[in-house]
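The values are calculated or read from the model by the stated rules, or taken from the named source; none is laboratory data. A quick note: this is a predicted structure, and the numbers were derived from the prediction, not measured. Backbone-built Cβ (ideal geometry, glycine too); neighbour counts: all protein chains shown.
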Amino acid sequence: MSADVINKAFLATEEDFLALVRKQWLNDPHMASVGSCCLVGIVCSGMLYIANAGDSRVVLGRLDNTYKEVKAVPLSSEHNASVESVREELRSLHPNDPQIVVLKHTVWRVKGIIQISRSIGDAYLKSTEFNRDPLLPKFRVPEPFDKPILSAKPETLVQKLDPEDQFLIFASDGLWEHLSSQEAVDIVNTCPRNVRFLFVILFLSN
């Protein structure tokens, strides 16, 4: 296992999805507007591998032996235009596009459309091949572009797991809009371990 293997898996998934969009273009052009964030965690031989594309977040609950408390340790960065460093990255990647990030109704959006800067899918923001009829105008970018606006390349992290590392929380922005990393860790830490697994099963079943 390596970060390179995970990177290749993300890009292969992206390529396969774009191939599907291309195949279904005339019958279902709406597929070009479909996309998803992707957050992956792998534990292998005592090492933790994290890969993220989008604005989901993974948080580690780590025991602080000094204070006997479980502290939140965020392990991923959110690729959301509301983050200044993300806006700076987009501007550096698209120096000739003054509209690459736009403040619209008090919310920063890429091209005034979408908040995330990385995703799987969203083909209409990856290639001009899909930024045309018969895709609905509301999903099209009016200005031509010569390279992908969004990226499918994940940000990766590899680190050794320590005895103090208690649990991991993977969640989308829907959770983090309402809870801080520490609040989520406190909730999980107060639940018996078997209840934590039950929460995961219930979440997956929904």
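State whether one or more residues within the stretch 92-100 are among the hydroxyl-bearing types (Ser, Thr, Tyr), modelled with pLDDT of 95 or more and surrounded by 12 or more Cβ atoms within 10 Å (Cβ to Cβ). Show your work before the answer.
First pass over the stretch 92-100, keeping only residues among the hydroxyl-bearing types (Ser, Thr, Tyr): 92.
Now drop any that are not modelled with pLDDT of 95 or more, which leaves 92.
Okay, now just the ones that are also surrounded by 12 or more Cβ atoms within 10 Å (Cβ to Cβ), so none.
The answer is no; no qualifying residue exists.
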Query raised in the report: Is one or more of the residues making up the stretch 65-80 within 25 Å of residue 138 (Cα to Cα) and either exposed (fewer than 14 other Cβ atoms within 10 Å of the Cβ) or modelled with pLDDT of 95 or more (or both)?
Result: yes
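Filter the stretch 147-176 down to the residues that are among the acidic types (Asp, Glu) and modelled with pLDDT of 90 or more, then identify the one that is nearest to residue 100 (Cα to Cα).
Taking the stretch 147-176 and keeping what is among the acidic types (Asp, Glu), we get 155, 162, 164-165, 173.
Restricting the remaining residues to those that are modelled with pLDDT of 90 or more gives 155, 162, 164-165.
Details: 155: 21, 162: 41, 164: 42, 165: 39 Å.
Step by step, filter the stretch 147-176, then rank; the result is 155.
Residues that are within 14 Å of the chain's Cα centre (by Cα), β-branched (Val, Ile, Thr) and surrounded by 17 or more Cβ atoms within 10 Å (Cβ to Cβ): list the strands (runs of 3 or more DSSP E) wholly contained in the stretch 101-177 that include at least 1 such residues. Working first, answer last.
Details: elements: 101-104, 107-110, 155-160, 165-171.
Result: 155-160.
Among what's in the stretch 33-60 and is out of contact with any strand residue (DSSP E or B) (no Cβ under 7 Å at 6 or more places or on another chain) and touching a residue at least 60 places away in the same chain (Cβ under 8 Å), pick the residue that is surrounded by the fewest Cβ atoms within 10 Å (Cβ to Cβ).
First, pick out the residues of the stretch 33-60 that are out of contact with any strand residue (DSSP E or B) (no Cβ under 7 Å at 6 or more places or on another chain): 33, 43-45.
Subset that is touching a residue at least 60 places away in the same chain (Cβ under 8 Å): 33, 43.
On the way: 33: 20, 43: 11.
Per the criteria, the residue is 43.
Among what's in the stretch 95-116 and is β-branched (Val, Ile, Thr) and without any contact (Cβ under 8 Å) to a residue 12 or more places away in the chain, pick the residue that is nearest to residue 137 (Cα to Cα). It would help to see each step written out before you state the result.
We begin by selecting, within the stretch 95-116, every residue β-branched (Val, Ile, Thr); these are 100-102, 106-107, 110, 113-114, 116.
Filter once more, so that each one left must be without any contact (Cβ under 8 Å) to a residue 12 or more places away in the chain: 102, 106.
Details: 102: 19, 106: 23 Å.
Step by step, filter the stretch 95-116, then rank; the result is 102.
Pick out the one residue from 62, 22 that is of a type in the set (Lys, Arg) and under 16 Å from residue 126 (Cβ atoms).
Details: 62 fails: under 16 Å from residue 126 (Cβ atoms).
So the residue among 62, 22 that is of a type in the set (Lys, Arg) and under 16 Å from residue 126 (Cβ atoms) is 22.
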Report summary line: The one condition residue 189 fails out of (1) of a type outside the set (A, V, I, L, M, F, W, C); (2) closer than 22 Å to residue 115 by Cβ; (3) surrounded by 14 or more Cβ atoms within 10 Å (Cβ to Cβ) is (2)
